[in-house]
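A quick write-up on the structure given underneath.
The values are calculated or read from the model by the stated rules, or taken from the named source; none is laboratory data. Being a predicted model, the structure only gives us computed values, none of them experimental. A quick note on method: Cβ atoms are made from the backbone with ideal geometry, for glycine too, and the neighbour counts reach across all protein chains shown. Remember, those area values only see protein heavy atoms, side chains included, never the ligands or the DNA or RNA. Shrake-Rupley method; radii C 1.70, N 1.55, O 1.52, S 1.80 Å.
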Amino acid sequence: MQKFPGAEFDLTVSRETQERLESFAKLFLKWSKSINLIAPSTVEQLWTRHILDSLQLRNVIEISGRWIDLGSGGGFPGIVTAILLAEAQEGWVDLVESNQKKCSFLRMALAETGGRGTVHPVRIEDAAGKLPAPDFISARALAELDLLFDYVVPWTTQNPDVKLIFHKGRDYRSEVDKARGRWDFDLVEHQSVVETDSVILEIASLTRRV
């Protein structure tokens, strides 16, 4: 088992997954020189702030299944999830991204790492008509919770058992309070092991209030 560079906590992976993640990181750094995949100020924290933050999903839930990753951008958490599913040899990630350059990067990342996923170059608002309801929907640094619910409700209406897995920062409580004005949902808060003021929200049974 391999331990991550710079990690101050125990998140170990197999040697094969470590190699896949290192390949992804090298590709990411190469592409980030020409397109804006993440905030430039956080590139030096690629492993801890982005890769490990995505990897910790496997400690929150059993990740095997069908995923839709919204606004996949630089591949967090979508590509990391696809890499973990490659080790499990089951499950799939549909990565939704409207920016064509980022789609090219995501396709290359899947090809080089063997990640289990497909890139869909569509707007999120159009994706519900093209992709069936998954087991999980993920998003990271994409939008406020209330807007995310607008994006995902077509899928949760199809399948009430869909679980929503959203990375959120220090202001997440105000987002939750705002969302409860229009939505009913079950919520589990998982403390991030990467940033003390961040969480991963696990949401189920989403319904719009009438």
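Let me check something: with ligands and nucleic acids excluded, how do Lys168, Lys102, Lys33, Lys130 order by accessible area (1.4 Å probe), largest to smallest?
Result, largest first: Lys33, Lys130, Lys102, Lys168.
Taken over the stretch 49-90, the percentage of Cα pairs per 5 Å bin, counting from 0 up to the bin with the maximum distance, is 5, 24, 36, 26, 8, 0. Calculation over all alpha carbon pairs of the chain in 10 angstrom steps from 0 returns a P(r) of 8, 37, 38, 15, 1, 0 percent.
The angle separating the long axis of helix 15-31 from the principal Cα axis of greatest extent in the chain is about 90 degrees. For Lys163, the residues whose amide H sits under 5 Å from its own are Phe136, Ile137, ignoring neighbours fewer than 5 places away on the same chain, with H placed 1.01 Å from N.
Quick one: length gained pulling Gln45 to Thr196 fully straight, 0.36 nm per residue minus the C-alpha distance? Mind showing how you got there, number by number?
Numbers: separation 151, 0.36 × 151 = 54.36 nm, distance 1.55 nm.
Gain on extension, Gln45 to Thr196, equals 52.8 nm.
Of the residues Arg15, Arg49, the one with the largest accessible area comes first in the ranking Arg15, Arg49, computed with a 1.4 Å probe on protein heavy atoms.
Site pair Gln89 and Asp184 shows an inter-label distance of 4.4 nm when each label is modelled 7 Å from Cα along Cα→Cβ.
Taken per residue, the accessible surface of the chain reaches 48 Å², heavy atoms only and a 1.4 Å probe. The order of the peptides 132-144, 116-128 by mean Cβ neighbours within 10 Å, most packed first, is 132-144, 116-128. For the chain, a Gaussian network of Cα nodes joined below 10 Å ranks Phe28, Phe149, Phe185 by mean-square fluctuation, and the top entry is Phe185.
Please work out the Kirkwood hydrodynamic radius for the stretch 150-189, using every pair of different C-alpha atoms, and report it in angstroms with one decimal place. Please list the in-between numbers first.
On the way: mean 1/r = 0.0876 Å⁻¹.
Across the stretch 150-189, the inverse of the average 1/r is 11.4 Å.
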